[in-house]
1. Take the residues in the range 133-172 that are aromatic (Phe, Trp, Tyr) and not in a loop (DSSP other than H, G, I, E, B); name whichever of them is farthest from ligand 2 (Cβ to nearest atom).
2. Inside the range 227-250, can you point out the residues that are open to solvent by less than 10 Å² (accessible area, probe 1.4 Å) and either within 17 Å of the chain's Cα centre (by Cα) or more than 19 Å from THR141 (Cβ to Cβ) (or both)?
3. Which of (1) within 24 Å of VAL331 (Cβ to Cβ); (2) in a strand (DSSP E or B); (3) open to solvent by less than 10 Å² (accessible area, probe 1.4 Å) is the odd one out, the single condition ILE405 does not satisfy?
4. Which of the residues spanning the range 77-132 are open to solvent by 60 Å² or more (accessible area, probe 1.4 Å) and not in a loop (DSSP other than H, G, I, E, B)?
5. Residues in the range 187-210 that are part of a helix (DSSP H, G or I) and open to solvent by 20 Å² or more (accessible area, probe 1.4 Å): how many?
6. When the range 36-49 is examined, which residues are found to be under 9 Å from ARG89 (Cβ atoms) and either open to solvent by 80 Å² or more (accessible area, probe 1.4 Å) or not in a loop (DSSP other than H, G, I, E, B) (or both)?
7. Could you check the range 189-212 and list, in sequence order, the residues that are within 16 Å of ligand 1 (Cβ to nearest atom) and in contact with a helix residue (DSSP H, G or I) (Cβ under 6 Å, 6 or more places away or on another chain)?
8. Do you know which of the residues in the range 411-446 that are within 15 Å of ligand 3 (Cβ to nearest atom) and in a strand (DSSP E or B) is nearest to the chain's Cα centre (by Cα)?
Amino acid sequence: MGRKGIWRSFPAALAASFFMFSASISAAQENPLPIPPLLTNQSSDPAVARFELTVQKGETEFFPGKPNITLGYNGNLLGPTLRAKRGQRVEVTVHNSLREYTTVHWHGMLLPGSEDGGPHQVVAPDSDWKARFTVNQPAATLWYHPHGIGNTATQVYYGLAGFFILDDEASDKLNIPKEYGVDDIPLVVQDRRFSSDGVLLYNTTMRDIMYGMQGKTPLINGAVNPYLTVPRSKVRLRLLNGSNAGFYDFNFEGNKKFHQIASDGGLLTRPVEMNHLQLSPGERGEIVMDFSGYGPGTVLHLRNGRLPVLKIIVGKGKKESPPLPEILAVVPPLPYDGTETVRRFTLSGLGRMVGINGQQMNLRRINEQMDLNSTEIWEITSRTGMMGMMGGGGGMLHNFHAHGIQFQILARNGSMPPENERGWKDTLQVREGEVVQLITRFHYPGDFMYHCHVLEHEDNGMMGQFRVE
Ligand code: C2O
Ligand code: CU
Ligand code: CU
């Protein structure tokens, strides 16, 4: 294997079959949904959560008898769930056993730039990196993934991603589903492309470079065609769009209602009733679906658009299922008085020339400087001028994510954001021509990244750096 990684070594001929799905793989067998194991905390001191992660190469059979080379943390594919409580000191030792460099970024975590795991904290082959920080933010579903300059997209695509769940005292007391793997289910959804032979394919067309890598096969927690048996009660699904470039619209067939209870950075003020939930790459949404009214054996599908992604079977077991609390959390609106610095971030460009504010990522350039503990208002816009081009494919889809902060959306095109976007966020979708206003505070010093979370765009330079001091 060369320095550039495993994906370059696939025979080019396989690329030719990219959109083909033979009966043998589309009618693939169903697989029980894997639940990522909770990583054991190695510390006996309750004030400390100590974890060890090894980044490794492995083998995964997405389709029986069709092994693929994949990447994982402490395993062949994806990673275990890390879990810590507000106030706890977290120490993670990362060992890189790959032959190429990686980083481990804590997406959504408030922490100093030196611990963030962005492109600056390179973990060279055969070496270790230690991250140390104290959790000081509300209960939330965060995640971790690589962030190397130029190799983020491929490393995520081949399997590097995991959940990082945060708890706090208020969320511990809330009467909501919280039994991990039983009625509280983490779901990382990632679309992938397979050859008719069951070989995982990456970047085979010009379109993949323009729009980011998308595939027609959804993987949920790494499984193809998964099913999950749930108790006859309310069930919480922690949805993470962990795809490289796919924008999802989650729903249940028949437009069934559910409640969203949390956004990227924590619980919403109150449950929001909805019948579909859009998540762009990197975004999370926790939803609660009530299965108590269905008879045992009932099958419901969680879908993306009209495509089923997870078959849910209502089981025999009943669990106590009280109504959702009316108030979930306190989300105090960040105050502002018009004296705050306003910054604009415009996403634009095409193909390998995507950038922000007309600039492409340069590790030696700090694009923006912020004062520690200040409040700012940012205006995010997408202007690719791609509407209607590329054969009716519509505009280029982008989103925006920043490290080391959580923000609140003030407005989308001048109006209040929808109710489910009125909590803490770290990633947001921005439509072509739209202006999204957000407000945030900088609690930690250091160098941080902001970027489009379409990973091919990020790798191609749609990213910049801000320094807080
Ligand atoms: Cu999910 Cu810059 O990262
Ligand atoms: Cu991030
Ligand atoms: Cu983008």
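The values are calculated or read from the model by the stated rules, or taken from the named source; none is laboratory data. No experiment lies behind these values; they were computed from the predicted model shown. In this analysis, Cβ positions are derived from the backbone assuming ideal geometry, glycine residues included, and neighbour counts consider all displayed protein chains. In case anyone asks, the SASA skips ligands and DNA or RNA and just uses the protein heavy atoms, side chains included. Shrake-Rupley method; radii C 1.70, N 1.55, O 1.52, S 1.80 Å.
1. Step one: filter the range 133-172 for residues aromatic (Phe, Trp, Tyr), giving 133, 143-144, 157-158, 163-164.
Applying the additional criterion that residues be not in a loop (DSSP other than H, G, I, E, B) yields 133, 143-144, 157, 163-164.
Numbers: PHE133: 14, TRP143: 9, TYR144: 9, TYR157: 17, PHE163: 14, PHE164: 11 Å.
My answer is TYR157.
2. Within the range 227-250, the subset open to solvent by less than 10 Å² (accessible area, probe 1.4 Å) is 230, 233, 235, 237-246, 250.
Listed by number, the residues that qualify are SER233, LEU237, ARG238, LEU239, LEU240, ASN241, GLY242, SER243, ASN244, ALA245, GLY246, PHE250.
3. Single failed check for ILE405: (2).
4. ARG83, LYS85, ARG89, SER114, ASP128, LYS130, ARG132
5. So the first thing to find is which residues in the range 187-210 are part of a helix (DSSP H, G or I), and the list is 206-210.
Add one more test, that the residue is open to solvent by 20 Å² or more (accessible area, probe 1.4 Å), and what stays is 206-207, 209-210.
Qualifying residue count, the range 187-210: 4.
6. Here is the first cut: in the range 36-49, the ones under 9 Å from ARG89 (Cβ atoms) are 43, 45, 47-49.
Answer for the range 36-49, where residues must be under 9 Å from ARG89 (Cβ atoms) and either open to solvent by 80 Å² or more (accessible area, probe 1.4 Å) or not in a loop (DSSP other than H, G, I, E, B) (or both): VAL48, ALA49.
7. Step one: of the range 189-212, the residues within 16 Å of ligand 1 (Cβ to nearest atom) are 189-190, 212.
Hit for the range 189-212 is GLY212, nothing else.
8. Our first condition is that a residue be within 15 Å of ligand 3 (Cβ to nearest atom); within the range 411-446, this holds for 427-434, 436.
Cutting the leftovers down to in a strand (DSSP E or B) gives us 427-430, 432, 436.
Numbers: THR427: 9, LEU428: 11, GLN429: 13, VAL430: 16, GLU432: 21, VAL436: 20 Å.
The residue in question is THR427.
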